[in-house]
Amino acid sequence: MAQEIERKFLVTGDFKPFAFAQSRIVQGYICSARGRTVRVRIRDDKGYLTIKGASNASGTSRYEWEKELPLSEAEELMKLCEPGMIDKTRYLVRSGNHVFEIDEFYGENEGLIVAEVELESEDEAFVKPEFIGEEVTGDIRYYNSHLMKKPYQTW
């Protein structure tokens, strides 16, 4: 079983000069029920289908399964998604031995920028870049499946 271990933070400073890569992501949810989500993602010219399970008590770990799809199949699956889409640019920034994924959101989530770092264990140490602010790991308001239903600009 694939286990995703990550921590999530708000971004409070300028991160773009440190990015070594970026990609545009549009995603929707076939199922956005708490504890089991089925996501369709188009990242640049590739498609992905992802299934995620419930998070543990801290919100740090959960089951994740992902499969790459042909772009045409992902576009077809997008038609089955619930109302509301996530549109964002993902930037990759190295910090110590880790890579932070920083998502800058658009549309109704404009103004929200979050960073995630994937870890091997929940207590693994990592170096926080200067632009990292408050930790929001486990706060469901910042889950993409929740932002789709209750966008950041409506808070």
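The values are calculated or read from the model by the stated rules, or taken from the named source; none is laboratory data. If you're wondering where the values come from, they're calculated on a predicted model, not measured in any experiment. FYI the Cβ positions are ideal-geometry reconstructions off the backbone, even for glycines, and counts take in every protein chain you see. Quick note on the areas: whole protein, heavy atoms, side chains included, nothing else; ligands and nucleic acids left out. Shrake-Rupley method; radii C 1.70, N 1.55, O 1.52, S 1.80 Å.
Check 122, 108 and return the single one that is at pLDDT below 95 and either over 23 Å from residue 14 (Cα atoms) or assigned to a helix (DSSP H, G or I) (or both).
Numbers: 108 fails: at pLDDT below 95.
From the options 122, 108, the qualifying one is 122.
Within the set of pairs 6 or more residues apart or between chains, which connect a residue that is under 26 Å from residue 122 (Cβ atoms) and open to solvent by less than 20 Å² (accessible area, probe 1.4 Å) inside region 1-25 to a residue that is assigned to a strand (DSSP E or B) and at pLDDT below 95 with Cβ atoms less than 8 Å apart?
Pairs found: 4/52; 4/61; 4/62; 4/63; 4/64.
Looking only at region 121-153, filter to residues that are touching a residue at least 40 places away in the same chain (Cβ under 8 Å) and open to solvent by 80 Å² or more (accessible area, probe 1.4 Å); which one of those is farthest from the chain's Cα centre (by Cα)?
Only one residue fits best here, namely 130.
Tell me, which residue of region 70-87 that is in a loop (DSSP other than H, G, I, E, B) and in contact with a strand residue (DSSP E or B) (Cβ under 7 Å, 6 or more places away or on another chain) is least open to solvent (accessible area, probe 1.4 Å)?
Among them, the one singled out is 81.
List pairs: first in region 103-120 and closer than 14 Å to residue 143 by Cα, second surrounded by fewer than 19 Cβ atoms within 10 Å (Cβ to Cβ) and of a type in the set (Val, Ile, Thr), Cβ under 6 Å, 6+ apart or cross-chain?
Listed pairs, sorted by first residue: 104/89.
Where residues in region 45-69 are open to solvent by 30 Å² or more (accessible area, probe 1.4 Å), over 15 Å from the mean Cα position of the chain (by Cα) and under 18 Å from residue 24 (Cβ atoms), which of them is modelled with the lowest pLDDT?
45
Give the residues of region 88-117 that are acidic (Asp, Glu) and loosely packed, with under 15 Cβ neighbours inside 10 Å, sorted by residue number. So that I can check it myself, show each step before the final result.
Step one: list which residues in region 88-117 are acidic (Asp, Glu), which gives 101, 103-104, 108, 110, 116.
110, the sole residue that qualifies.
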